[in-house]
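The values are calculated or read from the model by the stated rules, or taken from the named source; none is laboratory data. Remember, predicted model here, so these are calculated numbers, not experimental data. Because the Cβ atoms are built from the backbone with ideal geometry, glycine has one as well, and the counts that use them run over all protein chains shown. The area values use the complete protein model at the heavy-atom level, side chains included, leaving out ligands, DNA and RNA. Shrake-Rupley method; radii C 1.70, N 1.55, O 1.52, S 1.80 Å.
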Amino acid sequence: MPGMASTSAGNAAPVVEPHSSVLSWDRARATARDAGEALPVETRPLHNAHGRALAAPLIARTDLPSFDTSAMDGWAVSGPGPWRLTGGEVLAGDAPSPLATGDAVGIATGAPLPPGATSVLRHEHGRVDGERLTDLVGGRTDGQDVRPRGRECAEGDVLLPAGTAITPAVLGMAAAAGYDRLEVHQRPSVELLVLGDELLDSGTPRDGRVRDALSPMLQPWLRTRAEVIGCRRLPDELDALREAIAASTADVVITTGSTAAGPVDHLHTALGELGARLLVDSVAVRPGHPMLLAALPDGGRLVGLPGNPLAAVAGVVTLAMPLLDRLGGHSAVEDRTARAGDLLPHPESTRLVPVQVRDGVAQPLAFGGPAMLRGLTLADGLAVLPPSEGPPPEDVVLLPLGWG
Ligand SMILES: Nc1nc2c(c(=O)[nH]1)N[C@H]1C(S)=C(S)[C@@H](COP(=O)(O)OP(=O)(O)OC[C@H]3O[C@@H](n4cnc5c(N)ncnc54)[C@H](O)[C@@H]3O)O[C@H]1N2
Ligand code: MOO
């Protein structure tokens, strides 16, 4: 990172003591959300705005529909039937002439209703005899099969608040409401540093080594909220780690592994040598308790995800996503809940459990251990079980994984 001071290499004692203060899961998540400010605003064309957050409310620039519109193919009619057909057809995009009482004119779905028309008769509900049009169904009401101007919104209505994630639906809505461009927040940049000499990049696990499961999982996931500007594998060496962190230009450095206090876990030492400030250093959560969040001296942030794959996932939903959401200007997502199935709380730690939701009930998936991903592949989200010595809860918060 530019301007970041590099300190002496070697095996100096850690400046930051690992896991000195364990935070509750709620506190850790809130700390991550508060660990930065929304990045500056820019204007982007609709086709380049997907995945950003609205920096200003989306305000309707027109009534929608902006004119009384035929909802069906058939005839625009004026007054009660039978009617006299005037000939011709009003098509979408036309500017029709007025219709006199007792008259009818052919009309297509999406076409503007002629002034004076009172309803639309569907094609399959009418019979034509020469110039005479008869209603085969009856019970006709004014406005039938018409989409009246302003039914969806009036010009000036607030359609969505600032902070809303720009989904494909939001892009369609924005276009319909008259927008060519949107004011959005810049997306944070992320560099992923994957630590572990034992990791393999291809083939089957062998010789006591394991496949790197985190680079393939984390990169597309993080791209939903960030520009991933790099993904590097690093050896388990203090100097290499410290230098990689110092050299990163990313808004957020995300490391995997090395969060614990094993013989080659150098993350705390590297952060201490760099003069980083630990905002979160261990969380009362299972899995993932050694996760951490640090403020780097140049203003960047570092999220340390534990190496066990499901523990890393816990770190993503607890620390990385809340921080990236804040930087990208996304408002906090309201927690969804589900009824708790066979979910048992832990007495001291929040549990994050991969679950499937069926008929509103969250059921834990098999193979949900910290070093496993098999359960997660089938998960609808992670159930949050607050610490408790009491009976299992009736309802649980469900954290969406947000990846599709
Ligand atoms: N004495 C203690 N040991 C450990 C504790 C503890 O409290 N006391 N906590 C355990 C918990 S909980 C976790 S989680 C892990 C965290 O370990 P690290 O973050 O230091 O990660 P590593 O030691 O590098 O690796 C742990 C485990 O994960 C595998 N791994 C790492 N990276 C990847 C990857 N990219 N893809 C797949 N698997 C990966 C690695 O091979 C190890 O098996 O510490 C416990 N220990
Ligand atoms: O946090 Mo560790 O999660 O038990 O594997």
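Laid out as a table, the results:
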item	result
Cβ-derived FRET efficiency at R0 56 Å, T141 paired with S215, nearest 0.05	0.35
Degrees, to the nearest 10: 214-223 long Cα axis against longest axis of the chain	40
Set of the stretch 228-271 residues, backbone N closer than 13 Å to the point 7 Å along the Cα-Cβ line of D201	231-235
Using alpha-carbon coordinates, inclination of helix 238-247 to the longest axis of the chain, degrees	40
Pairwise label distance in nanometres, A108 with A332, each label 7 Å out on the Cα-Cβ vector	5.1
Solvent exposure of the chain as accessible area per residue, Å², 1.4 Å probe	46
Sorted peptide list for 72-83, 320-331, criterion being average Cβ within 10 angstrom, highest first	320-331, 72-83
In order through the stretch 94-109: 3J(HN,Hα) via Karplus (6.51 cos²θ - 1.76 cosθ + 1.60), integer Hz, x for Gly, Pro	7, 10, x, 7, x, 10, 7, 4, x, 9, 9, 9, x, 8, 9, 4
Structure-based [θ]222 nm, the chain - -39500 (n - 2.57) summed over DSSP H runs of at least 4, per residue, nearest 500	-4000 deg cm²/dmol
Estimated FRET transfer efficiency (I59, R339; beta-carbon r; R0 45 Å; 0.05)	0.75
Sorted peptide list for 292-304, 225-237, criterion being average Cβ within 10 angstrom, highest first	292-304, 225-237
Local electrostatic count, R211, Cβ distance below 13 Å [Lys/Arg +1, Asp/Glu -1]	-1
Label-point separation in nm, H50 to E394, each point 7 Å along Cα→Cβ	4.2
Cubic angstrom per residue, convex hull over Cα atoms of the stretch 336-400	73
Among 111-117, 91-97, the order from most to least packed when residues are scored by Cβ within 10 Å on average	111-117, 91-97
In the stretch 137-203, trypsin sites (Lys or Arg not before Pro) in a DSSP loop with at most 11 other beta-carbon atoms within 10 Å	none
Unit Cα scatterers, Debye sum, the chain: log10 I(q)/I(0) for q = 0.14 Å⁻¹	-1.15
Computed P(r) (all Cα pairs; the stretch 69-147; 10 Å bins; percent)	23, 62, 15
T167 paired with S97, simple spin-label distance in nm, labels 7 Å along Cα-to-beta-carbon	4.7
